[in-house]
Amino acid sequence: MKSFDVPFVYRSPLISAIKKKRKDLDRMKKDFSPTVLDFGPVKIYLARHFGFCYGVENAIDIAFRTIEENGDKRIFLLSEMIHNPQVNADLKASGVEFLQDNSGKQVIPFESLTADDIVLIPAFGTTLTIEKKLREIGLQVEQYNTTCPFVEKVWNRSELIAKSQYTIVIHGKPTHEETRATFSHAAASGPSVVVKDMSQTIELAKYISGEKPSAQFYTEFKNQYSEGFDVTKDLQRIGVVNQTTMLASDTQAIADYLKETVTTRYGLTEQTIKERFADTRDTLCYATNDNQTAVSGMLQTEADFAIVVGGYNSSNTSHLVELFEEKLPTYFINSDEKILSQHTIMHYNFHTNMELVTEKYLPEKQPIRVLITSGASCPDALVEGVIKKLAGFYPASKSIDEIFELFRN
Ligand code: SF4
């Protein structure tokens, strides 16, 4: 893969060395067992795959290069560059202003922009309407577009599905920037509808099977279907794509459920299902797949608790938390500063959208065993900070340099 110029402050020499060593030993990425960092009283099990993905590194590289090369210009970002508070704060500190908040609410009006400005499109991509607006102002849309190629792949898949006369069902969070962008691109190709989870899928299936009156669809799926959507016709042939960062098992279950519904409704078989259900695989990106597989690989290891580091509004990160939570106590934090002491940790509950404080999170026995990973938009330096903090609570721990030596070539 291409390598990017990412500010050194986001890197961790220790984690870069670990990742390099694992990569050298397993070029085909077949071994998803964690890397063990044995500090003595603390054993850290670090995921095989975590941290900045291709799309995030690409976006960060373009953004900081743009700032460096255009000191005389006003630079804006459509919304958060990626879902990481530190990176967004650094961009703001460099003078970049955000035009919209995460939900798409306008903070700075488009009318205040001029053709001399620069507007960066974030890694999630944007809607065709916004792209058109920027072009009309005379802004260079292509030059400063950091849309991830894996997101564009979903748009291309949607177009193909629509060309074959299937309606596009998008599994994604309806208000997430990426899903809003994908929905906009899909809707330009053909009828499209968004489902956020299995419970909405079950309700959508009732319109396919005829269990629910058609008229109800328009209120139940308000703001989630394309203009002119005709529920009596547009659910007869469907294909599923998804936001690149969803939970793989959820996406599979949703596609299976809809396939089953269509099969039953039209009396189809494995041979004839293609007549009404597009034969596609999920559109999760490689980073989502690898990070989730790495967590599954870690769950074979006996441990006391797990820590997931990442932005609280990061979709891919919250799915990693979800996987861990099924098996052991899990703390979702956005930096080592949330580890308040060896007795107290402040962490985020993404089910309730609230931060809470847990006491006595460190067991009294030794060694303690901790599983650690991070989301695709989390700098490795933050993960190193967490490792250092935990090991630092135990005076008998080996130093970071001693651990580093083990991974240096
Ligand atoms: S998580 Fe996947 S789709 Fe999103 S920016 Fe990273 S590589 Fe691209």
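The values are calculated or read from the model by the stated rules, or taken from the named source; none is laboratory data. Quantities reported herein were computed from a predicted structural model and do not represent experimental measurements. Note that we place each Cβ from the backbone using ideal geometry, even for glycine, and neighbour counts take in every protein chain shown. Only protein heavy atoms, including side chains, enter the accessible area calculation; ligands, DNA and RNA are left aside. Shrake-Rupley method; radii C 1.70, N 1.55, O 1.52, S 1.80 Å.
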| field | Asp234 vs. criteria in contact with a Ser or Thr (Cβ under 6 Å, 6 or more places away or on another chain) and either under 27 Å from Gly104 (Cβ atoms) or modelled with pLDDT of 95 or more (or both) | value | yes
| task | Could you list, in sequence order, all residues of segment 379-402 that are crowded, with 20+ Cβ neighbours inside 10 Å, aliphatic (A, V, I, L, M) and under 20 Å from Tyr10 (Cβ atoms)? | result | Ala381, Leu382, Val383, Val386, Ile387
| request: Return yes when Asp101 is within 30 Å of Gln300 (Cβ to Cβ), more than 16 Å from the ligand (Cβ to nearest atom) and surrounded by fewer than 18 Cβ atoms within 10 Å (Cβ to Cβ) and no when it is not. | output: no
| said: With the structure loaded, tell me whether Phe324 is more than 16 Å from the ligand (Cβ to nearest atom), at pLDDT below 95 and open to solvent by less than 40 Å² (accessible area, probe 1.4 Å) or whether it fails that test. | reply: no
| Could we say that Thr283 is in a helix (DSSP H, G or I) and under 27 Å from Tyr257 (Cβ atoms) here? | no
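Restricting to segment 267-299, name every residue that is over 23 Å from the mean Cα position of the chain (by Cα), under 21 Å from Ala248 (Cα atoms) and modelled with pLDDT of 95 or more.
Taking segment 267-299 as the starting set, the residues that turn out to be over 23 Å from the mean Cα position of the chain (by Cα) are 267-279.
When the remaining residues are screened for being under 21 Å from Ala248 (Cα atoms), the result is 277-279.
Listed by number, the residues that qualify are Phe277, Ala278.
Take the residues in segment 158-171 that are at negative phi and either among the small types (Gly, Ala, Ser) or surrounded by fewer than 21 Cβ atoms within 10 Å (Cβ to Cβ) (or both), then tell me which one is nearest to the chain's Cα centre (by Cα).
Filtering segment 158-171 down to residues at negative phi leaves 158-164, 166-171.
After this cut, where a residue has to be either among the small types (Gly, Ala, Ser) or surrounded by fewer than 21 Cβ atoms within 10 Å (Cβ to Cβ) (or both) as well, the list is 158-160, 162-164.
Working: Ser158: 19, Glu159: 22, Leu160: 24, Ala162: 25, Lys163: 28, Ser164: 29 Å.
Among those that are at negative phi and either among the small types (Gly, Ala, Ser) or surrounded by fewer than 21 Cβ atoms within 10 Å (Cβ to Cβ) (or both), it is Ser158.
Please verify whether Asn316 is within 13 Å of the ligand (Cβ to nearest atom), in a helix (DSSP H, G or I), at negative phi and open to solvent by 30 Å² or more (accessible area, probe 1.4 Å), treating the condition exactly as stated. Full working, then the answer.
On the way: within 13 Å of the ligand (Cβ to nearest atom): yes; in a helix (DSSP H, G or I): yes; at negative phi: yes; open to solvent by 30 Å² or more (accessible area, probe 1.4 Å): no.
So Asn316 fails the test.
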| remark: The number of residues in segment 221-277 that are more than 16 Å from the ligand (Cβ to nearest atom), among the polar types (S, T, N, Q), over 15 Å from Gly190 (Cβ atoms) and surrounded by 13 or more Cβ atoms within 10 Å (Cβ to Cβ) is 5
| task | Working only within segment 20-49, note down all residues that are open to solvent by 10 Å² or more (accessible area, probe 1.4 Å) and within 16 Å of the ligand (Cβ to nearest atom). | result | Lys29, His49
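I'd like to verify a number: residues in segment 4-18 that are closer than 21 Å to Gly55 by Cβ, open to solvent by 40 Å² or more (accessible area, probe 1.4 Å) and touching a residue at least 40 places away in the same chain (Cβ under 8 Å), how many?
Here is the first cut: in segment 4-18, the residues closer than 21 Å to Gly55 by Cβ are 4-12, 15-16.
Those still in the list that are open to solvent by 40 Å² or more (accessible area, probe 1.4 Å) too: 5, 8-9, 11, 16.
Within this subset, residues satisfying the condition of being touching a residue at least 40 places away in the same chain (Cβ under 8 Å) are 5, 9, 11, 16.
Result for segment 4-18: 4.
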